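Reviewing the structure listed below.
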């Protein structure tokens, strides 16, 4: 674990992706600030709410998530295979410890990076738009049949925090997806396109799109959000489990 | 019977009045509360949908513009689509964005640039998913 974190901190590519993930939500805040001259409500200014025209920062950030998490940390396994370090560690600490360690860090590092990025954005939104009262009508819209929507209107900050944690969680799962693919096909040529392809299918599903569990203040009620949460979680979880079992059963030495 | 009707003076007068009305009314009604239809295919990545431009005659930003959505085949219950008006010369926003719930209509003030200018209704998806869908309804650039 320590070595993985150290590797993340020392690698220039990882650090540049780290700053990319930190700065993209801030770019969204700049766009929101420019578009809403009188100041948008701070709860809606949060990057996840998606109030900037075109949603470019959100699309750049969330549609290509596993590519970022792969560069962040989860392609470290490919590096290990190339240099043969994996065999060294496995023979010293055991296979299970090595695998679990990789899975833990591939979840935790993306989780923490996204959590920090979104938290900075949420705090900045509250500082920059602290007096903002404008809204596109979302906070005033009367839609009593949609319970999640009504709940969001009553507790906008709570909903933002819940979605913040949820998006960080799914970023961790995207990290696991990257690691799983790289364990099954330990070659960058296959890992990156395949991880992106699987993720993009999840994004493009019309009724269970993964963005449904990322965006607060939408028309989707509990039944849509929970079913797409379960659907996406189960798919990502199964891929992870399959990769783990596959790697544990096959011999590397 | 038909011949009688054709020759009747009442019908002739009614026809004349109808034609006269059709000519005169359009030039005067644009300042009142109208319902111009729109039919958009909403796409991702800000490939925005625009209607034809209409001239906004008023000098008052508080003369509200209106948008309503009667039908949308976006998945998920009563759905939301985001609308605003675009000014023709600068292609900039003439109003703030308004999120419209299916089956409802909303009245909102405009920015100064909208007054005495050509404006068009513009729309995009409020979600950042990949869905493409149809949104149908009506709008008016000024309602008083």
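The values are calculated or read from the model by the stated rules, or taken from the named source; none is laboratory data. Please read all numbers here as calculations on a predicted model, not as lab measurements. Methodologically, a virtual Cβ is constructed for each residue, glycine included, from the backbone with ideal geometry; neighbour enumeration extends over all protein chains shown.
What single numbered condition from (1) away from every other protein chain (no Cβ under 11 Å); (2) in contact (Cβ under 8 Å) with a residue 40 or more places away in the chain fails to hold for residue B:89?
Residue B:89 satisfies every listed condition except (2).
So which residues in the range A:29-43 are within 13 Å of chain B (Cβ to nearest Cβ) and touching a residue at least 12 places away in the same chain (Cβ under 8 Å), if there are any at all?
Once the filter is applied, which keeps residues that are within 13 Å of chain B (Cβ to nearest Cβ) and touching a residue at least 12 places away in the same chain (Cβ under 8 Å), the range A:29-43 yields A:31, A:32, A:35, A:36, A:38, A:39, A:40, A:41.
Out of the residues in the range B:61-86 that are crowded, with 23+ Cβ neighbours inside 10 Å and more than 10 Å from chain A (Cβ to nearest Cβ), which is nearest to residue B:48 (Cα to Cα)?
Checking each candidate, the answer is B:85.
Among the residues of the range A:140-190, which ones are touching a strand residue (DSSP E or B) at 6+ places or on another chain (Cβ under 7 Å) and in a helix (DSSP H, G or I)?
If the condition is that a residue be touching a strand residue (DSSP E or B) at 6+ places or on another chain (Cβ under 7 Å) and in a helix (DSSP H, G or I), then no residue fits.
Only one of (1) over 14 Å from residue A:148 (Cα atoms); (2) touching a strand residue (DSSP E or B) at 6+ places or on another chain (Cβ under 7 Å) is not met by residue A:219, so which one is it?
Against the list (1) over 14 Å from residue A:148 (Cα atoms); (2) touching a strand residue (DSSP E or B) at 6+ places or on another chain (Cβ under 7 Å), residue A:219 comes up short only on (1).
Let's see how each residue does on (1) surrounded by fewer than 19 Cβ atoms within 10 Å (Cβ to Cβ); (2) modelled with pLDDT of 85 or more; (3) closer than 25 Å to residue A:187 by Cβ:
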site	(1), (2), (3)
A:3	yes, no, yes
A:30	yes, yes, no
A:35	yes, yes, no
A:46	no, yes, no
A:56	yes, yes, no
A:62	no, yes, no
A:91	yes, yes, yes
A:119	yes, yes, no
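Quick check on my filter: what residues within the range B:92-111 are within 11 Å of chain A (Cβ to nearest Cβ) and not in a strand (DSSP E or B)?
Answer for the range B:92-111, where residues must be within 11 Å of chain A (Cβ to nearest Cβ) and not in a strand (DSSP E or B): B:92, B:95, B:96, B:97, B:102, B:103, B:104, B:111.
Within the range B:115-131, can one find any residue that is within 14 Å of chain A (Cβ to nearest Cβ) and surrounded by fewer than 18 Cβ atoms within 10 Å (Cβ to Cβ)?
Scanning the range B:115-131 turns up no residue that is within 14 Å of chain A (Cβ to nearest Cβ) and surrounded by fewer than 18 Cβ atoms within 10 Å (Cβ to Cβ).
Only residues that are part of a loop (DSSP other than H, G, I, E, B) and either within 14 Å of another protein chain (Cβ to nearest Cβ) or within 14 Å of residue A:181 (Cα to Cα) (or both): list them for the range A:44-85, please.
A:46, A:50, A:51, A:52, A:63, A:64, A:75
Hey, any hits in the range A:214-223 for a residue that's part of a helix (DSSP H, G or I), in contact (Cβ under 8 Å) with a residue 12 or more places away in the chain and surrounded by 15 or more Cβ atoms within 10 Å (Cβ to Cβ)?
no
Kindly indicate whether any position in the range A:156-168 is over 21 Å from residue A:77 (Cβ atoms), touching a residue at least 40 places away in the same chain (Cβ under 8 Å), surrounded by fewer than 19 Cβ atoms within 10 Å (Cβ to Cβ) and over 16 Å from the mean Cα position of the chain (by Cα).
Yes, some residue in the range A:156-168 is over 21 Å from residue A:77 (Cβ atoms), touching a residue at least 40 places away in the same chain (Cβ under 8 Å), surrounded by fewer than 19 Cβ atoms within 10 Å (Cβ to Cβ) and over 16 Å from the mean Cα position of the chain (by Cα).
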